[in-house]
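Scroll down for the structure; my scribbles are underneath it.
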Amino acid sequence: MEIETGTWTLAHGETLRWAAATDIGLKRAENQDSFLAAPPFFLVADGMGGHAGGKQASATLLGHIQPLTGTDVNLRVVRESLEAACEEVMGLVEANINYTISPPGTTLTGLVVLGPLGESAADGSASVPATDGSEPAQFLVLNVGDSRTYLLREGLLTRLTRDHSQVAEMVEAGMLTVEEARVWPTRSVITRAIGAGQAGLPQIDTWTYPVAAPRRFLVCSDGLHSMIDDGAIGRALGDKPTPEAAVNALVNLALQAGGHDNVTAIVLDVTSPESALAPTEPADSALSESPAPPNSLLPPPPPPPGSEGAR
């Protein structure tokens, strides 16, 4: 398993350190997961569909976004890029590609840095401080499907995203417990995705959070969180000193638990000169709170009255 690592100091002084890896797992013939870990994007896409369709869908989605790495982005730029990327994925079926099992599609989850990235050095270790009075950066958390984004802060693990799946809806309705959902026969059936035969642009849930330190984030496919529970995820994140060590531990835990699916994880640390992210004693509870109600990135919101055609 190869682990990618990187460092970037933002314009207002916060330092991002990350590690990312993907593994085919122990039961799959190919890896249909893709990831993009390069500022301002920290994204995981879990593809689905027969005859390499899922692999192509996830790679197509993130490949469309990749040219924006290293640039400042705002909500409009992210929305337009994702809209075009989603349309490209949905166009795979129309390209006369032979998907006889199921049409290609993909999930998407992760973090996008909105605002000034700064002018990072070649190794990402330094940045020219912002002197133009610009606002500090924010994280845009986004999700469609059942991949997840988590936050570890002061020993508490919070799931920032909501699964779009049959079992998640049943848990919310009180029909299943979380423990029952983990082994339910239809636990892999998702209700929202990019492509996968769904008509039109998907609704992409979003949340915004300040880029504050110290924080540790995890972005992962369901090949991780379906194999180990949130308590184990929190402990692995809490007792490893570096993103690389945390990613290595998490992927290996999923493989040791059976490795039934492809496994992908990005661990991102946010630190500042005044703070240092050290191993913390994780809470025994799986989550400190439930995910907050989301906003929607796609379809784009209607223009305000009197401004038809504005974006």
- Those residues of the stretch 146-178 that are over 27 Å from residue 267 (Cα atoms) and charged (D, E, K, R) come to a total of 2
- For the stretch 40-58, state whether one or more residues are of a type in the set (S, T, N, Q) and either assigned to a loop (DSSP other than H, G, I, E, B) or touching a helix residue (DSSP H, G or I) at 6+ places or on another chain (Cβ under 7 Å) (or both). no
- Task: Kindly list the number of the only condition in (1) among the hydrophobic types (A, V, I, L, M, F, W, C); (2) over 22 Å from residue 17 (Cα atoms); (3) not in a helix (DSSP H, G or I) that fails for residue 254.
- Result: (3)
- Message: Is it the case, given these coordinates, that residue 196 is in contact with a strand residue (DSSP E or B) (Cβ under 8 Å, 6 or more places away or on another chain), small (Gly, Ala, Ser) and either surrounded by fewer than 14 Cβ atoms within 10 Å (Cβ to Cβ) or touching a residue at least 40 places away in the same chain (Cβ under 8 Å) (or both)?
- Response: yes
- Message: So, residue 265, is that one crowded, with 19+ Cβ neighbours inside 10 Å, hydrophobic (A, V, I, L, M, F, W, C) and modelled with pLDDT of 95 or more or not?
- Response: yes
- Of everything in the stretch 1-15 that's over 30 Å from residue 262 (Cβ atoms) and assigned to a loop (DSSP other than H, G, I, E, B), which residue is modelled with the lowest pLDDT? 12
- Restricting attention to the stretch 206-221, which residues are under 23 Å from residue 75 (Cβ atoms) and in a strand (DSSP E or B)? 206, 207, 208, 209, 210, 215, 217, 219
- Query: Only one of these conditions is not met by residue 55: (1) surrounded by 22 or more Cβ atoms within 10 Å (Cβ to Cβ); (2) at pLDDT below 95; (3) under 18 Å from the mean Cα position of the chain (by Cα). Which number is it?
  - Reply: (1)
- Residue within the stretch 233-245 that is closer than 26 Å to residue 153 by Cα, surrounded by 15 or more Cβ atoms within 10 Å (Cβ to Cβ), modelled with pLDDT of 95 or more and among the β-branched types (Val, Ile, Thr) present: yes
- Matching residues, the stretch 179-193, being loosely packed, with under 14 Cβ neighbours inside 10 Å, modelled with pLDDT under 75 and assigned to a loop (DSSP other than H, G, I, E, B): 183, 185, 186
- Query: When the stretch 202-216 is examined, which residues are found to be modelled with pLDDT under 90 and over 16 Å from residue 109 (Cα atoms)?
  - Reply: 212, 213
- Is there any pair linking a residue in the stretch 65-90 that is without any contact (Cβ under 8 Å) to a residue 60 or more places away in the chain and exposed (fewer than 15 other Cβ atoms within 10 Å of the Cβ) to one that is in a helix (DSSP H, G or I) and not basic (Lys, Arg), with Cβ under 7 Å and at least six apart or on different chains, and which? 84/64
- Query: Residue check: is residue 176 at pLDDT below 90 and surrounded by 18 or more Cβ atoms within 10 Å (Cβ to Cβ)?
  - Reply: yes
- Message: Can you tell me which condition residue 174 does not meet? The list is (1) in a loop (DSSP other than H, G, I, E, B); (2) closer than 30 Å to residue 15 by Cβ, and all the others hold.
- Response: (2)
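The values are calculated or read from the model by the stated rules, or taken from the named source; none is laboratory data. Since this is a predicted model, take the numbers as computed values, not measurements. Quick reminder, even Gly has a Cβ in these numbers, built from the backbone with ideal geometry, and neighbours come from all protein chains shown.
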